[in-house]
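Data block below; observations after.
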Amino acid sequence: MTTIRLLGSCTIACCSAAFTTLLYNYFHQEETEVLFFYGTLPLCNLHRNITTITTTIQNNECFQCKLSIIIGWLNKSKKTLDICMYMLNHELLSNAIIDAHKRGVSVRLILNEDNLQTTWKMGNIGILKRVNKGKHNENLMHHKFIIIDNKKVILGSMNWTKVSVRANWENVFITNNCELVNPFRQEFQRLWKQFN
């Protein structure tokens with residue numbers, strides 16, 4: 001009788017785990033995007049306001065189209081936006097961050113230096129900031145990642161500056177894979193405490 005109960009319990013546990021995995025996979029759609037910025041490629045016809053039947057430059061090569069993807073992710077933030085960025089002065093990206101703050105999203109910003117008008121403006125409207133200063137100042141805080149609602153991360157080589165977006169070869173990786181997001185959440189928390 002004990003063996004039958006044990007087998008029954010194991011069967012229920014296995015079915016429960018399988019059902020939980022099935023539900024997770026059904027409701028959690030993994031989203032991943034990789035964007036490459038290619039230096040000084042021109043805008044696509046859409047962003048040059050040219051109406052044509054065929055486009056000479058595909059949207060996937062246009063830096064403005066890729067920038068719109070990043071801004072779209074920022075605009076989807078509902079609760080939190082944690083930004084760890086070496087340099088931040090791109091007007092459209094900065095405006096998306098400020099708009100999130102105005103929507104009631106809790107925005108926190110970690111910077112290497114706070115010597116740019118855009119980041120001063122963010123601090124003046126109530127966005128919380130921490131800056132690499134004091135004993136850590138001889139080393140650069142060179143991270144470039146953003147955590148959206150503790151569920152998504154945007155990371156890569158790109159500083160959020162006009163030069164990086166328009167003139168550099170850069171990469172951006174966007175994902176909601178929790179195994180990738182969690183280490184960035186932990187690193188943000190560690191730096192937030194360290195740069196207090």
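Throughout, read-outs are computed from the coordinates displayed, never taken from laboratory work. As the structure is a prediction and not an experimental result, all values here were calculated from the model. Backbone-built Cβ (ideal geometry, glycine too); neighbour counts: all protein chains shown.
Assorted remarks:
- Rounded if a/c under 1.5, otherwise prolate or oblate - segment 107-174, Cα gyration tensor axes: rounded
- Total formal charge among the other residues, if their Cβ is under 11 angstrom from that of Asn75, Lys/Arg +1 and Asp/Glu -1: +2
- Greater than 27 Å apart at Cα, pairs in Lys66/Lys193; Lys76/Lys133; Lys102/Lys152; Lys66/Lys133; Lys133/Lys162: Lys66/Lys193; Lys76/Lys133; Lys66/Lys133
- Tensor-based shape of segment 53-196 (alpha-carbon gyration tensor, a/c under 1.5 rounded, otherwise prolate or oblate): prolate
- Global form of segment 140-196, assessed from the alpha-carbon gyration tensor, a/c cut-off 1.5: oblate
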